[in-house]
Amino acid sequence: MEQTWQSETTVRDGNVVVTLFGELDIAAASPLGDVLQAAIARAPRVQVDLARVSFIDSTVLSAFVNAHGRATDRGVSLALVNPTGHVRRVLAMTGILPTLSTPESGD
């Protein structure tokens, strides 16, 4: 099966930015979880840039929610940024957009 997505991880100002590209479906969920886990281990703040993602499904939503939980447990802020089109609609319809798009304030 052809991989329909890619990721690029960069460090900016001590924070990790994971940029995702393409279509994220069930085949992407497990490797995406690994990418996010590695990012969480590297910095106090992780941003997942979704600007170039055209599709996500429920397994990917689960990977995002699980990563958010792991980040919270480690005291790391994880936020989804720049969702557009289908991706933004799915995140909004499921009710997780507000939780996953706003970094924790650290109160």
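The values are calculated or read from the model by the stated rules, or taken from the named source; none is laboratory data. These figures come from a predicted structure and were not determined experimentally. Neighbour counts run over all protein chains shown; Cβ positions are idealised from the backbone, glycine included.
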Requested in this report: Collect the residues in segment 88-98 that are within 12 Å of the chain's Cα centre (by Cα) and farther than 8 Å from residue 61 by Cβ, keeping them in residue-number order.
Outcome: 97
**Report entry** Flag if residue 44 is at pLDDT 95 or above and over 17 Å from residue 101 (Cα atoms)
**Finding:** no
Requested in this report: Keeping to segment 71-80, report how many residues are crowded, with 16+ Cβ neighbours inside 10 Å and either charged (D, E, K, R) or under 18 Å from residue 51 (Cβ atoms) (or both).
Outcome: 3
Query raised in the report: Could you give every pair whose Cβ atoms fall below 6 Å, whose first residue belongs to segment 71-84 and is polar (S, T, N, Q), and whose second residue is at pLDDT below 95, counting only separations of at least 6 or pairs across chains?
Result: 77/103; 77/104
Query raised in the report: Taking into account only those residues within segment 40-61 that are in a helix (DSSP H, G or I) and over 10 Å from the mean Cα position of the chain (by Cα), which is surrounded by the most Cβ atoms within 10 Å (Cβ to Cβ)?
Result: 40
